Amino acid sequence: MGGRGMRDGRQRSRDKRRAKVEQRRSSARYAVVYDIDGPRIRLGVLWFLLLAGALIAGVLVLGALYGAVAGLAGWQTAKVWAKEGRPSEPWVAAAAAGLIGFAGSIGTATTGMVIVAAVVAALVAALIRHRVLLTRLLSAGFTVRSGVFVGLAAASPTIVMRIDIGACVMLVLLVSMYEVGDFLVGSGSANPVEGPLAGIVGVMVVTFAMSVIQPPPFDEQAVWLFGGMTAALCPVGQLAGSAILPRSNSDARALRRLDSLLVAGPLFAVALWNYTG
């Protein structure tokens, strides 16, 4: 009887947490959303291990990993828009996001060319698939919206890695710690601020450790600068992820895997370029 009571208590606790999350999801257009269905913590650990292995294997492997997730994110996002009755081309969005994500491992010039090619491909696909001018423009816009931004986010770590591998390791650690703190606290809270605040605290803990180690190419001041910037921009990226989608709770899990990088990743790369240049 005691064991059954404990199981019932845990189930009630999970149901209560789920109700809190669903209430928050339905109340805001721009929100930080947590998917608590399934073994999310184990999947998060697996993702971190894959990133660690890719960092060891090299920039092309890291680019392939991020590109694959970005491609899935582009496809899921465009499909969500299509289900909302908005014209979009999921396969074009998937190809755009995946290729942009991988292009970062080759270079910034290649990334820029792939972004331009992705926009052109979205326009061509819209011209072929639709006859009405407004529908063509909407289709191209939603396809670009679904694929280009997440592709650029996925390209950022490999662009950083090409500049300096130590900086890439730092970026991955900072973003990963933000996601851990944000999910562990935010997924059980009805307050939309607690999760991001916990993530920011996690980033600052890693930043403190890095300031002691001072991994090249950073000195102590630069570590705090880049750490503080990442802490501030990760939650902005989550809100940007909601802006890309029709609703904050739209089912695009691959996009949510990368949303912390949407703003932090590109700006980290630009700041590092200026710092090392």
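General observations
- Among complete DSSP H helices in the chain, those whose alpha-carbon atoms stretch at least 20 Å along the helix's long axis and whose mean Kyte-Doolittle hydropathy reaches 0.0 are 40-57, 59-83, 108-129, 133-163, 165-186, 194-213, 220-244, 261-276.
- Correct option for Rg/Rh (Cα atoms, Kirkwood Rh) [calculated from the coordinates] among (1) 0.96; (2) 1.01; (3) 1.07: (2)
- Each Cα pair under 8 Å and six or more residues apart adds its sequence gap; the mean of these over the residue count of the chain is a relative contact order of 23 percent.
- The trypsin sites (Lys or Arg not before Pro) found in the range 115-148 that occupy coil by DSSP, while having at most 13 further C-beta atoms within 10 Å, are Arg131.
Bear in mind these aren't lab numbers, they're just calculated from the coordinates by the rules spelled out. Values in this document were obtained by computation on a predicted structure and should not be read as measured data. Every residue, glycine among them, receives a Cβ derived from its backbone with ideal geometry; neighbour counts consider all protein chains shown.
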